[in-house]
Amino acid sequence: MANETIYFATNRDELKNAQGITIGFGDKLNPVSPAYLRFGAAEVAPPTKKNADWSVQSVQIAPESIPGVTTDDPTAEKLLGSAAVFDALRQRLITAGRAKGGVDLILLLHGYASSFDNALARAAEIKRAYATKQRAVEVAVFCWPSDGSLTPLIAYKSDRDDARSSAKAVARALLFFLDYLRRLTTDQMCQARLNLLAHSMGNYVLRNAVQAIISEFGGKRLPRAFTHIFLMAADEDDDALNDPDKLARLPEMAEAVHVYFAASDRALTISDVTKGNPDRLGSAGPHTLTNLPQKITLIDCAKVCQTTLMDSNHQYYRQRPEVVADVCAVLDGTRPEAIPGRAWVPARGAFVVAAKP
């Protein structure tokens, strides 16, 4: 099978060769600033055997020159890597949309314990999994420094610190992209739908990015940038959607918000019990249904979250065919109550996804 092209933005530290050329990214914040961004694209190859992972074959980093930041020459022309990547991504979306008649762009915020290559691999995997015969998918990923693990505690806290420190970088990348879209003429537009998917601790990154955007907008209503926002196995407090200092204003940014959760997600149980966190949004959904906007849909995946022992029932958004099919139906525009495999449970205010026999 062919490789997948994945576009990325990152605030990780740059790995350079002997000639000082950036060849990749590490597991720490960029020393220039936690908000300093690099952009590029990677070619990611699919597995060649069962149970193998996707693998990064090459990384192309967009050239960038910023007087006073990346060069000491005050006369140097300003060159932004974001512009080149956004242009390339737009052209791919136009081509894909023409070929299939519809195209979705998914912006991915990965979770904890994820290397740069691992984040690209996850993006390539869901790009392939979420596409259908009628609808193409492109995926761009924001790679924040996440190198910890469920244990020990210090590694988990390090990832939380980096997630919080990455908020302004995520907000900047998103606002750059929205500004780029606003400046396009009618004949330049790609007609793709823009969606956001946050997995695990990526939801905590999202919370802090939303707060940074709120600060940037000075109390004004936030831009409705997305068609769908997917909160997957959220390692976030269960009151986040009710708290204006967390994610309560997130629905302003989308036509619909979908919360996928599972009580038997062992990774979030560990986060809750051993890390001293409150009950997690990704375990049982919101703490209360009171005053939740109607555009928020809750999807209980407890029956379809079992994956491998190492994945701790935490990777069902990409590994369970029932959940992948559910997401595809959402992207296809199927009404929540009409998606196959779902059953509505009024007492829970949620849909329950059934396991395939």
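The values are calculated or read from the model by the stated rules, or taken from the named source; none is laboratory data. On a predicted model such as this, the values are computed, not experimentally measured, just so you know. Please note: Cβ atoms are built from the backbone with ideal geometry, for glycine as well, and neighbour counts cover all protein chains shown. The protein model used for the area step is the full one, side chains on, heavy atoms only, and it has no ligands, DNA or RNA in it. Shrake-Rupley method; radii C 1.70, N 1.55, O 1.52, S 1.80 Å.
General observations
- Surface accessible to a 1.4 Å probe, Thr288 within the full protein complex, Å²: 50 Å²
- Principal-axis tilt of helix 321-331 within the chain, Cα atoms, nearest 10 degrees: 70 degrees
- Pairwise label distance in nanometres, Glu337 with Glu216, each label 7 Å out on the Cα-Cβ vector: 3.8 nm
- Kirkwood Rh, angstrom, the range 235-354 [1 / mean 1/r, Cα pairs]: 14.8 Å
- Restricting the calculation to Cα atoms, the range 91-131 shows an Rg/Rh of 1.07 when the hydrodynamic-style radius is the Kirkwood one.
- Computed accessible area, Leu37, all protein chains, 1.4 angstrom probe, square angstrom: 10 Å²
- D (Stokes-Einstein, µm²/s), Kirkwood Cα radius, the chain, 1.306 mPa s at 10 °C: 77 µm²/s
- Between Arg348 and Leu181, the simple spin-label model (points 7 angstrom out along Cα→Cβ) gives 3.2 nm.
- Acute angle (nearest 10 degrees) that the helix 81-100 long axis makes with the longest principal axis of the chain, alpha-carbon atoms: 50 degrees
- Beta bridges per DSSP with both ends in the chain, % antiparallel, nearest 5: 40 percent
- Pairs from the list Lys157/Lys220; Lys157/Lys295; Lys16/Lys168 with a Cα-Cα gap above 30 Å: Lys157/Lys220; Lys157/Lys295.
- Computed from label points 7 Å out along Cα-Cβ, the spacing between Ala263 and Ala355 is 1.5 nm.
- Shown are Ser158, Ser312, whose ranking by accessible area with a 1.4 Å probe and every protein chain present, most to least, is Ser158, Ser312.
- Gain on full stretching of the segment that runs from Asp87 to Ala2 - 0.36 nm per residue minus C-alpha separation: 28.4 nm
- Top of Asp300, Asp147, Asp243 by mean-square fluctuation, Gaussian network on the chain, Cα under 10 Å: Asp243
- Computed log10 I(q)/I(0) for the range 113-252 at 0.09, 0.11, 0.17, 0.20 Å⁻¹: -0.30, -0.45, -1.06, -1.39, from the Debye equation with unit scatterers placed on every C-alpha and solvent omitted.
- Once C-alpha pairs closer than 8 Å and six or more residues apart are averaged by separation and normalised to the residue number of the chain, the relative contact order reads 13 percent.
- Taking all protein chains as shown and a probe of 1.4 angstrom, Lys157 keeps an accessible surface of around 100 Å².
- Fluctuation leader among Val32, Val205, Val259 - the chain, Gaussian network, Cα springs under 10 angstrom: Val32
- Largest mean-square fluctuation among Gly285, Gly101, Gly81, in a Gaussian network model of the chain whose springs join Cα atoms under 10 Å apart, belongs to Gly101.
- Euclidean distance between Cα centres, the range 326-357 to the range 214-265, Å: 20 Å
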